[in-house]
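Notes for the one structure printed next.
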Amino acid sequence: MKKTTTGFFPNIDPKVYLSLGILLLLSLIVFSFQYTRHIDCENAKFIIHSDEFLTNRVVEFYDNTEGAKSWEWNFGDSTVLDFRQRTLHRYKRPGDYIVRLKINGNCVHEKLITISSISQQTGYLPIIKSPNVVTVGESISFDADKEDGESWEWSFGENGGTDALDKNPSYKFKSVGEKKITLIVNGDVEHTAVKTIYVAPKTIKAKQKIDIKSYEFEKPHVAFSLPVGNAQKDPLVDMLQYIPVSPKSKLKKDSISVEKKAPEISNEQLQLLFNQVAAQLKTKDDFKDYLCGKYDIPVVVNDEKLIPFDQFCQSITGKKIKITALRINKDQKNCIQNFNIQYKVKKYLIWMKE
């Protein structure tokens, strides 16, 4: 009996059908992979953000493109590539930079950013308004050409510390010579305004010349002389014979020495000094008068650790800090004995406790 075959193509080997099925399955897998990685390059969404597009400032890069699986950042300044979705970068030199982002290995998008230096910022620093030449002992008014200020710290170059906290202070210079005036607005010690003025000595006015016509001459001595009479004995001669001994002079009371007290300083002024220490503009020696020379007083930091004052100054040097609370204790001589401080440190655009 003859064997019959079934199917559309009875003469084709079944292995051919198997091969075609495998190729179809692989095609579907490749298509699905390409479909999931496909993005619209025209609608790529990535942002570049910074509070200040200045040299050595942090710039944030972030991509939010739908369907993005891999990223390749080229910052345009010959630095190494970055392959994270969100990353941070600093530019060391000012200029225009083209930032290239390659998404999923095939979609390239570009943006142009401009990095400036502090010296290129117009109106960035406050401007000190004052005469260029003043006279010693004369009251001089100062002003700051910056309207958005909330706190002002003036130093007039004679005491080495803070001399005024108003926007329009007045000051009398005590010595002649060049004086370096500094102004810090809103505690921004990195952008301190500086101006040098000259303090001149007082001018001595010539005395008014005597007008010979209006001068009143003294009367002749005859007008003051007594009339001539008989000689008389001086009564003091007889009186001195009965004076026994001159009384002893009273002992002077010992002068009571006045104890020297430390100068006054407010919490706000102390916070400004700490910010200057963090910016490496001040050192622990600038606190000498307020601490009465004691640099080992205890400091409670963030209610967690207790360290000496000199170690605390070293720990905040070179950091960007924000003081949230400060409490100081003084003795009878107004010397600071200890203080409790709470502050945060800025790391990666976030304020956190140290």
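Greater than 29 Å separation of Cα atoms is the criterion. Which listed pairs, 167/282; 260/319; 102/322; 174/333; 167/353; 260/284, meet it? Going by Cα-Cα distance, 260/319; 102/322; 167/353 fall outside the 29 Å limit.
Around residue 303, what is the net charge, scoring Lys/Arg as +1 and Asp/Glu as -1 over all other residues with Cβ under 14 Å from its Cβ? Local net charge: +2.
Put simply, the amide H of residue 57, placed in the peptide plane, has neighbours under 5 Å in 91, leaving out anything fewer than 5 places away on its chain.
When each of the peptides 20-27, 66-73 is scored by how many other beta carbons lie within 10 Å of its residues on average, the order from highest to lowest is 66-73, 20-27. Here the extension length gained between residue 295 and residue 168 equals 42.3 nm, from 0.36 nm per residue of separation less the Cα-Cα distance. Calculated from the alpha-carbon coordinates, region 255-354 shows an Rg and a Dmax of 14.5, 61 Å respectively.
Need one word for region 271-317: rounded, prolate or oblate. Basis is the Cα gyration tensor (sqrt eigenvalues a ≥ b ≥ c); a/c below 1.5 gives rounded, then a/b vs b/c decides. It is oblate, given that a/c is not under 1.5 and a/b is not larger than b/c. When you count the other C-beta atoms within 10 angstrom of each residue and take the mean per peptide, 131-144, 270-283 line up highest first as 270-283, 131-144.
Taking the Cβ-Cβ separation of residue 230 and residue 202 as r and a Förster radius of 51 Å, what is the calculated FRET efficiency to the nearest 0.05? Given R0 = 51 Å and the Cβ-Cβ separation, E is 0.25. Computed on protein heavy atoms with a 1.4 Å probe, the accessible areas place 49, 109 in the order 49, 109, largest first. With 0.36 nm allotted per residue and the present C-alpha distance subtracted, the residue 139-residue 178 stretch has 12.4 nm of extension available.
The values are calculated or read from the model by the stated rules, or taken from the named source; none is laboratory data. Predicted model only: the values in this text are computed from it and were never measured. Cβ coordinates were reconstructed from backbone atoms using ideal geometry, including for glycine residues, and neighbour counts include every protein chain displayed. SASA here: full protein model, heavy atoms, side chains in, ligands and nucleic acids out. Shrake-Rupley method; radii C 1.70, N 1.55, O 1.52, S 1.80 Å.
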